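*Asks:* I have a structure here, written as structure tokens, and I will follow up with some questions on it.
Rule-based calculations on the coordinates, nothing more; no lab input. All values derive from a computational prediction rather than experimental measurement. Cβ placement follows ideal geometry from the backbone for every residue including glycine, while neighbour counts extend to all protein chains displayed.
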């Protein structure tokens with residue numbers, strides 16, 4: 001496992017150090033695996049180490065993911081901190097697109113859960129700006145499909161029984177243009193009277 005130290009000011013250009021950690025990459029489950037642009041995805045994984053505050057340092061799991069392309073008007077990047085947990089406990093993170101500021105882009109999102117360590121800084125005091133990437137907890141993907149009201153190619157809707165909008169197999173009596181069924185009105189195209 002590789003650990004990187006990201007400096008926010010104190011190290012030379014790049015500010016990266018490499019260290020080894022003791023835990024392996026685990027499994028991250030996603031439910032559902034495929035959804036729509038408004039689906040809430042739930043990710044779960046086992047915490048390889050206890051997370052939270054440890055004296056002058058804090059350790060947290062950070063979930064990151066990216067969309068397949070840089071579309072406009074949808075969520076392209078995700079950065080969510082997982083709740084703190086004890087070692088070996090299952091952690092659940094809900095990715096609700098509305099809470100993240102929009103809706104998912106269509107395609108496959110690829111992401112990972114990283115364990116980050118940083119200093120605990122008292123309010124209003126200067127604090128060293130660094131974060132240690134302790135390791136990758138796990139990797140995941142989820143897919144977003146367009147789910148729409150019909151075909152996107154402009155073709156008319158298809159009906160059961162092989163009939164179509166332009167050539168219905170039955171018609172309403174002359175003068176009837178719709179039928180009320182419950183709280184909805186069903187419109188029916190009548191054949192010409194001539």
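*Asks:* Between residue 120 and residue 29, take the C-beta separation as r, use R0 = 35 Å, and let me know the FRET efficiency to the nearest 0.05.
*Replies:* The pair residue 120/residue 29 has a calculated efficiency of 0.70.
*Asks:* While we're here: In nm, give the distance between the simple-model label positions of residue 108 and residue 54, each being 7 Å from the Cα along the Cα-to-Cβ direction.
*Replies:* Spacing of the two 7 Å Cα→Cβ label points: 3.5 nm.
*Asks:* Test of understanding: extend the Cα→C-beta vector of residue 145 to 7 Å, then name every residue of the stretch 80-108 with backbone N under 17 Å from that spot.
*Replies:* 104-108
*Asks:* Testing the spin-label approximation: label points 7 Å from Cα along Cα→Cβ at residue 100 and residue 46. State their distance in nm.
*Replies:* 2.6
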